[in-house]
Structures are given as C-alpha cells and as structure tokens.
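Novice: Can you read through this structure? Questions will come right after.
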Amino acid sequence: QVQLVESGGGLVQPGGSLRLSCAASGSILSINTMGWYRQAPGNQRELVATITSGGTTRYADSAKGRFTISRDNAKNTVYLQMNSLKPEDTAVYYCNAGIRRYWYSSEAPYWGQGIQVTVSS
C-alpha cells in the first residue's frame, strides 16, 4: 500500500503565499519524478511543476517565477512554495509520484487525494 498525503492548502488573499507538502508512505523502494498538478472547476488537470530524484525541475509557464518545487528524498516528500498568488491559481492541487515498490516491480504513478487552494479577497 502506498499513500500520498497533501497538506498546506487553504484560503489566501491575492499576492499571498502558501506552501504545499506531499509525503509518500508505505512500501516504497524508490521514487523517481514527483510533481504537482492542479484542476480548476470545468478545466482539465494540468501540470504545475515536476522534480526528478536528481533535482531537475520543470514548470508550467503560469508557475515560472512564482512557484518553487523542491523535495526531501530522505522523507519522500515534495514541496511547492507558491508566492504572488493570483485568483486564477485557485484549484484543487494534486501530488503525483512515480514509485517503484519492489525490486521486481516497475514504476507506477500514484496520486494524492487533492487539496484545495483558494485565492480570493
């Protein structure tokens, strides 16, 4: 069993900041890429940012310069620091990780349950 648990969401005013965390737990041999995606009402889920186990990052254009993704490999945790938040950042944010559970298994994608981020005055 593998679980990804997100925390840190909530309501923030425009221009404010939030830090999301996502911790993976369970039977885990290794974690490759971890990332954050988001889905606003009526929209498809979209990439926000990803980070490889070696620290290579990738950002959506909407996140560049405002969001920073990082990870703690020892804790199997990925973070998303979000600054200068805008109302259009309002969405449910999902954590994703490519996890290999056993030496004989291949990597598979796992998702968190999602956490609400609302940017509003």
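The values are calculated or read from the model by the stated rules, or taken from the named source; none is laboratory data. It should be emphasised that the depicted structure is a prediction, and the values quoted were computed from it without experimental measurement. Don't worry about glycine lacking a Cβ; one is built from the backbone with ideal geometry, like all the others, and counts go over all protein chains shown. Only protein heavy atoms, including side chains, enter the accessible area calculation; ligands, DNA and RNA are left aside. Shrake-Rupley method; radii C 1.70, N 1.55, O 1.52, S 1.80 Å.
Novice: Add +1 for every Lys or Arg and -1 for every Asp or Glu among the other residues with Cβ under 15 Å from the Cβ of residue 119, and state the total.
Specialist: Details: positive: 19, 38, 66, 86; negative: 88, 89.
Spelling it out: positives minus negatives among the neighbours equals +2.
Novice: Quick one: net charge around residue 39, please, counting Lys, Arg +1 and Asp, Glu -1 for every other residue with C-beta under 11 Å from its C-beta. Spell out each step's value before the answer.
Specialist: Numbers: positive: 38, 45; negative: 46.
For residues surrounding residue 39, the net value is +1.
Novice: Can you give the accessible area per residue of the chain, in Å², using a 1.4 Å probe? Provide the component values of the computation, followed by the final result.
Specialist: Values: 6420 Å² over 121 residues.
Per residue, the chain has 53 Å² of solvent-accessible surface.
Novice: Now for a different question. Out of 16, 42, 98, any idea which swings most in a Gaussian network model of the chain, alpha carbons joined below 10 Å?
Specialist: 42
Novice: Another one. For the chain, what % of the accessible area comes from carbon and sulfur atoms, probe 1.4 Å?
Specialist: Reported share for carbon and sulfur atoms: 47 percent.
Novice: Can you give me the P(r) profile for the chain? Cα pairs, bins 5 angstrom wide beginning at 0, each as a whole percent.
Specialist: Result returned by the calculation: 2, 12, 23, 24, 18, 10, 6, 3, 1, 0, 0.
Novice: Would you mind counting up the charge near residue 94? Only other residues with Cβ under 12 Å from its Cβ, with Lys and Arg at +1 and Asp and Glu at -1.
Specialist: Value of the local net charge: 0.
Novice: Given the protein chains as shown and a 1.4 Å probe, how many square angstrom of residue 111 are accessible, to the nearest 10?
Specialist: Roll a 1.4 Å probe over it and residue 111 shows about 110 Å².
Novice: Mind checking the range 46-121 for GluC sites (Glu not before Pro) that DSSP puts in a loop (not H, G, I, E or B) and that have at most 16 other Cβ atoms within 10 Å?
Specialist: 107
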